[in-house]
Amino acid sequence: MITLTVNGAAQPVEADPETPLLYVLRNDLALNGAKFGCGLGQCGACTVLIDDRPAFSCLVPLAALVGRKVRTLEGLGTPEKPGAVPASFEAEQAAQCGYCIAGMIMRAQALLERTTTPTEAEVRAHMAPNLCRCGTHMRILRAVRRAAAAMGGGVRESAS
Ligand code: FES
Ligand code: FES
């Protein structure tokens, strides 16, 4: 048995220590925000925060998570009371099929917890590992700008 800390709660899990975190979140803990896209660390659909940094949960085995803090989309609020980042994605309608969006939100959350005043170039570089096959990138960037403002900051123009 391995005890994970997910969204602030201790979660005992009976699984092989090599099981990827994504499978445990979805299959054992009923946390379905993170999605299975490629399973190879190449798309970002499965992005969660581990110790406040974005991570591809399809690549992280349970054994690597002892004593570490996992956060998922479900930890950022409720549908009725969403946090600033998910609320901003909704306000900007930053989804088409929506498959990438939980991962996008978690990646954006990590950046905006570190700084609410990133430059446009920093936002684009930070978000780059997460792919969107529907091409909603411009709306996603607008959502990140809106969230930065909602959190008391603002995305700055990049120096040219
Ligand atoms: S499912 Fe994890 S990076 Fe694609
Ligand atoms: S909205 Fe469809 S993959 Fe991004």
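Dividing the summed helix terms, -39500 (n - 2.57) for each DSSP H run of n ≥ 4, by the number of residues in the chain produces a 222 nm estimate of -8500 deg cm²/dmol to the nearest 500. Based on the Cβ-Cβ distance of residue 138 and residue 66, what FRET efficiency does E = 1/(1 + (r/R0)^6) give at R0 = 35 Å, to the nearest 0.05? Efficiency at R0 = 35 Å is approximately 0.30. Note on residue 158: accessible area approximately 50 square angstrom, rounded to 10, probe 1.4 Å, nucleic acids and ligands left out. Computed over the Cα atoms of the stretch 12-70, the ratio of the radius of gyration to the Kirkwood radius (Rg/Rh) comes to 0.92.
Report, in debye and to the nearest 20, how large the dipole of the chain comes out about its Cα centre when Lys and Arg carry +1 and Asp and Glu carry -1 on their Cβ.
That gives the chain a dipole magnitude of about 440 debye.
At q = 0.13, 0.14, 0.30 Å⁻¹, what log₁₀ I(q)/I(0) does the stretch 42-82 have when each alpha carbon counts as one equal point scatterer in the Debye sum? For the stretch 42-82 at q = 0.13, 0.14, 0.30 Å⁻¹, log10 I(q)/I(0) is -0.31, -0.35, -1.06. For a paramagnetic label modelled on residue 42 (point 7 Å from Cα along Cα→Cβ), amide N atoms under 17 Å away belong, within the stretch 101-130, to 129-130. Go from 0 up to the bin containing the longest alpha carbon distance in the chain, width 5 Å each, and give me the % of pairs per bin. Result returned by the calculation: 2, 10, 19, 22, 19, 14, 8, 4, 1, 0, 0.
Short-range pairs are left out: with C-alpha atoms under 8 Å and at least six residues apart, the relative contact order of the chain is 23 percent. Identify the residues of the stretch 69-100 with backbone N under 13 Å of a label point that sits 7 angstrom from the Cα of residue 11 along the Cα-to-Cβ direction, or state none. The answer is 69-76, whose backbone nitrogens lie closer than 13 Å to the label point.
Each of the peptides 80-86, 13-19 was scored by the mean count of other Cβ atoms within 10 Å over its residues; in descending order, highest first, they stand as 80-86, 13-19.
A simple spin-label model places pseudo-atoms 7 Å from Cα toward Cβ; at residue 51 and residue 125 they are separated by 2.2 nm.
Annotation: amide H-H contacts under 5 Å for residue 119 (H modelled 1.01 Å from N, sequence separation of 5 or more, or interchain): 156. Solvent-accessible area per residue in the chain equals 50 Å², computed with a 1.4 angstrom probe and all protein chains kept. Pop out the carbon and sulfur fraction of the accessible area of the stretch 11-160 as a percent, whole number, probe 1.4 Å. Of all accessible area on the stretch 11-160, carbon and sulfur atoms account for 51 percent.
The values are calculated or read from the model by the stated rules, or taken from the named source; none is laboratory data. From a predicted model like this one, the values you see are computed outputs, not experimental measurements. Using ideal geometry, Cβ is built from the backbone for each residue, glycine included, and neighbour counts are taken over all protein chains shown. Quick note on the areas: whole protein, heavy atoms, side chains included, nothing else; ligands and nucleic acids left out. Shrake-Rupley method; radii C 1.70, N 1.55, O 1.52, S 1.80 Å.
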